[in-house]
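Dropping a structure here in C-alpha cells format, bear with me for questions.
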Amino acid sequence: MENISNMSPPMTADELYEDFAPNMTDFFYQDSDGEVLWAKIFLCTVYSITMLTCGVGNLLLMVVIAKYKEMRTITNALVANLALSDFLVAVFCVPFILDYHIVRPNRPWTYGDVTCAVVNYARMSSLYVSTNALLVIAVDRYVVIMMPHIPRMSRAVATCVVLAVWVCSMLVAIPTAVYSRALYYVDFHGTFCGLVWPIGHQVRYKAYYVAVLLLEFIIPVLIMSFCYIRIARRIWYRTVPGQQTESQQAAMLKSKKRNVRLLIVILVRTKRIQDFLRISSNP
C-alpha cells in the first residue's frame, strides 16, 4: 500500500483524484440522518440474490452440460463458456463489491494491493469473456440459420475458439491488474482501490480505453446487431408450406414473437453487463 502524499512523479494527487473520485463519493457521502437503512437492506438483498442465482444457476448449467452426453453440443459448449465467466463474477467479484459499496459503504478498502488487483482483473476479464462469448454465439447462430449449407464447426475448432476467447480477454485485461492498487489518500484519511495510470502514460491510457471501447463494445454490438436482426427477419417472415388452421397460425405467431424477444434479450445483455461492471468499477 502506498501513501499518496509521499509519491513522486510521474503520479500526483491531482491526477489520481479523477480515478478515485467514485470511491471518495462512496467513502464520504452520508445522508443527513445517517445511513439509509432500508436502501442498504434492499441493495444487500438484490446483490445477494444476484450472487446466489448467478453462482448456483450457472454452476448447475455447467454441471448439466458436462454430465449429460446429449447436452454436449457445440452451441451448449459456447453457452457453458459464458456461464463459467458469469460464475466467476458471482463468486470472486460480487462479494467484494457488496462489502465495499453496501455493507461498509463509508469505510476504506481493507483487502490490500493484491486483492485489489485480482478483483479488478477478474471482473474485467470476465466482462470481456462474456462479450466475446456472446459475439461467438451470435456468429455461430447466424451461420447455422442463415447459411445452412456451410458445415458446423467441429469440436476441435470450437475448443480453439473458446480458448481464444479466454486468452484474448485475459490479455486485454492485463493493464487493469498492472495499474490497480490500494492507495492511502492523506487528505481524506482513507484507503481506496482503483486504477492508477502514471502521468507519463496518459497517451497509452487513452489509446487503451479507445481500443477497448471499439474491440469489446462497439464492434461486438454492431456485429451482434447485424446477426440477430437478420435472424429475426428470417424467423419473422418464415412460412410453413401448406394450409394452416387459425390455431396453427396463432401458435406460429406466438413462437415468432417469443424467439424475437429472446434475440432482443441476448443482444441487450451485453450492454447490461458493461453498465453493471462500469458502475461497480474500482471496488
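Rule-based calculations on the coordinates, nothing more; no lab input. For clarity, every value in this text was computed on a predicted model and none was experimentally measured. Heads up, the Cβs are rebuilt from the backbone with ideal geometry, glycines too, and the neighbour counts pull from every protein chain shown.
Looking at the range 51-74 only, could you name the residues that are in contact with a helix residue (DSSP H, G or I) (Cβ under 7 Å, 6 or more places away or on another chain) and among the β-branched types (Val, Ile, Thr)?
So the first thing to find is which residues in the range 51-74 are in contact with a helix residue (DSSP H, G or I) (Cβ under 7 Å, 6 or more places away or on another chain), and the list is 51, 54-55, 58-59, 61-62, 64-65, 71-72, 74.
Those that are in contact with a helix residue (DSSP H, G or I) (Cβ under 7 Å, 6 or more places away or on another chain) and among the β-branched types (Val, Ile, Thr): Val64, Ile65, Ile74.
Could you identify the single residue in Ala83, Ala117 that is under 16 Å from the mean Cα position of the chain (by Cα) and among the aliphatic types (A, V, I, L, M)?
Working: Ala117 fails: under 16 Å from the mean Cα position of the chain (by Cα).
That would be Ala83, the only listed residue that is under 16 Å from the mean Cα position of the chain (by Cα) and among the aliphatic types (A, V, I, L, M).
Here is a further query. Looking at the range 183-237 only, could you name the residues that are out of contact with any Leu (no Cβ under 7 Å at 6 or more places or on another chain), aliphatic (A, V, I, L, M) and farther than 21 Å from Ala173 by Cβ?
Val186, Ile199, Leu222, Ile229, Ile235, listed by residue number.
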